[in-house]
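Undergrad: Okay, handing you the structure first.
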Amino acid sequence: EVKLPNGFKKGETVGINISPLIQRYESKENITYENYSNLVNQIIKNTNFNIALIPHVVKEGNSDLEPLSRLYKEYQGTGRIILIQDNNCMVLKGYISKCRLFVAARTHASIAAYSTCVPTLVVGYSVKAKGIATDIFGTDKNYVLPVQSLQDRNDLAKAFKWLYEHENDIRKHLHGFMPSYIEKAWQAGDEVSKLIGD
C-alpha cells in the first residue's frame, strides 16, 4: 500500500516506464522517444486517464528518470501527468499496482505489473520479455512490442490501443493465472533453500 501523490487517480491512471537501455536498441534514432511522446499525447487527447511516469532503474548512465523527465517537461502543462521519483522496489510496485494499464520497458517493472494483475504492454529489447509474456498468455503477440521493430511514431500508440480494447479480458486472465504462477515461484525458492541447506 502506498500513499498516492496528487494527480494519481487510482484505477484511472496509465503507468509508463521507459529506459535508456531500450533506446540503445532502436533501429531509427530517437524513434523510441517519439513513440512514447506520441502515446502520451494520444492518451491525453483521446481518454480521461491521467499518466504516471514511473522509473524502475535510477543509476548513473542508465537512469529511467532521464527520458521520463523529458516526457514530463513536454506534457506537464496539461495538468494530467506526474513524475514519480526513485524509491525502493516495494514502493514502486505499489504505484504500478494502482495503475489501470501499464507500459513497461524494464523487465522487473513488467513483473510488478503482471503480478498485481495490471494489463501491461512491454516495449522489449530481448527474448526475456517475449518469454515471460508467452509463459503468462501463451503468446507474446500484442503483449510485447520489440523496440527494434519501431519504424513509425504511431507504432506504440497502436499497440496500446489493442491493450486498452482488451483490458478486461487480460485482467480476468491475470486474476485467474497469477495465483498458481506465483505459487510455483515460491516452490522454486523452497527447492533452492533445500539445496543450499537453509
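The values are calculated or read from the model by the stated rules, or taken from the named source; none is laboratory data. Keep in mind it's a predicted model, so treat the numbers as computed, not measured. Cβ sites come from the backbone with ideal geometry, for glycine too, and all protein chains shown count toward neighbours. These area figures cover heavy atoms from the full protein model, side chains too; ligands, DNA and RNA do not enter into them. Shrake-Rupley method; radii C 1.70, N 1.55, O 1.52, S 1.80 Å.
Undergrad: Using 0.36 nm times the number of residues separating ASN30 and HIS166, minus their current alpha carbon distance, what extension gain do you get?
TA: Stretched out fully, the ASN30 to HIS166 stretch lengthens by 46.1 nm.
Undergrad: I've got another one for you. Segment 37-141: which trypsin sites (Lys or Arg not before Pro) are DSSP loop and have at most 15 other beta-carbon atoms within 10 angstrom? Spell out each step's value before the answer.
TA: Numbers: sites: LYS45, LYS59, ARG70, LYS73, ARG80, LYS93, LYS98, ARG100, ARG106, LYS128, LYS130, LYS141; in loops: LYS59, ARG80, LYS98, ARG100, ARG106, LYS141.
In loop regions of segment 37-141 (DSSP not H, G, I, E or B), the sparsely surrounded trypsin sites (Lys or Arg not before Pro) are LYS59, LYS141.
Undergrad: Per residue, what accessible area does the chain have, given a 1.4 Å probe and all protein chains present, in Å²?
TA: Using a 1.4 Å probe on heavy atoms only, each residue of the chain averages 51 Å².
Undergrad: Leaving out ligands, DNA and RNA, and with a 1.4 Å probe, what % of the accessible surface on segment 41-106 is carbon or sulfur?
TA: 45
Undergrad: Compute the length gained on full extension between ASN62 and LYS3: take 0.36 nm times their separation in residues and subtract their Cα-Cα distance, giving the result in nm to one decimal.
TA: That pair, ASN62 and LYS3, stretches by 18.5 nm at full extension.
Undergrad: Quick one: among ALA159, ALA104, ALA188, which has the greatest mean-square fluctuation in a GNM of the chain with alpha-carbon springs under 10 angstrom?
TA: ALA188
Undergrad: Pull out a ≥ b ≥ c, the square roots of the eigenvalues of the alpha-carbon gyration tensor of segment 1-138, then state rounded if a/c is under 1.5, prolate if not and a/b is larger than b/c, and oblate in the remaining case.
TA: rounded
Undergrad: Taking the Cα centre of segment 77-136 as the origin, how large is its charge dipole in debye, to the nearest 20, when only Lys and Arg (+1) and Asp and Glu (-1) carry charge on their Cβ atoms?
TA: Values: 7 positive and 2 negative charges, 21 e Å.
Its charge dipole is roughly 100 debye.
Undergrad: Also, quick follow-up: Using the basic label-point model (7 angstrom from Cα toward the beta carbon), what is the GLU191 to ASP135 distance in nanometres?
TA: That separation, rounded to one decimal, is 1.2 nm.
Undergrad: How big is the gap, in Å, between the Cα center of segment 59-96 and the Cα center of segment 127-159?
TA: 22
Undergrad: A further question follows. Among rounded, prolate and oblate, which fits segment 71-198 when a ≥ b ≥ c are the square roots of the eigenvalues of its C-alpha gyration tensor, a/c under 1.5 means rounded, and a/b larger than b/c means prolate?
TA: Details: a/c = 1.90, a/b = 1.50, b/c = 1.26.
The shape class here is prolate.
Undergrad: Karplus couplings for segment 79-90 from phi (6.51 cos²θ - 1.76 cosθ + 1.60, θ = phi - 60°), rounded to Hz, Gly and Pro as x?
TA: Karplus values, whole Hz, x for Gly and Pro: x, 10, 9, 10, 10, 7, 8, 4, 7, 6, 5, 5.
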